[in-house]
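Student: My questions all concern the structure below.
Nothing in this text is a laboratory measurement; each read-out follows from the coordinates by a stated rule. In this text the structure is predicted, and so the values were computed from the model without any measurement. Because the Cβ atoms are built from the backbone with ideal geometry, glycine has one as well, and the counts that use them run over all protein chains shown.
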Amino acid sequence: MALKPCKVCGTLNGEGVDTCLSCGHDPEGSKRPAIFRYIAIAIVVCLAIPLISGLFNWILWQLKPKTPKPNPSKVSLVLNEIPDPLKKI
Ligand SMILES: [Zn+2]
């Protein structure tokens, strides 16, 4: 009697058994309970929502017209004195 690994959990079961001795699923089928799929989807969604939200906020921030910052007047009051050649004459 050959032993076949369960496709769900990998436990070796006797050939022809209907249910895995370890996990109770059909060792021939790779079917997983639907709850695993929902859990996987939920995990993906939980991970994706912050990413999408952050990306969306980033795009909005990029599209938002930049508010003109109050420009501190850094105009230097010191004018470069241009040497006037006529003055020395
Ligand atoms: Zn199993």
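Student: Roughly how many debye, to the nearest 20, is the charge dipole of region 1-51 about its Cα centre, given +1 on each Lys and Arg Cβ, -1 on each Asp and Glu Cβ, and no other charges?
Tutor: 200
Student: Calculate the spin-label point distance for Asp84 paired with Leu3, positioning each point 7 Å from the Cα along the beta-carbon direction, and give it in nanometres.
Tutor: Between Leu3 and Asp84, the label points sit 10.7 nm apart.
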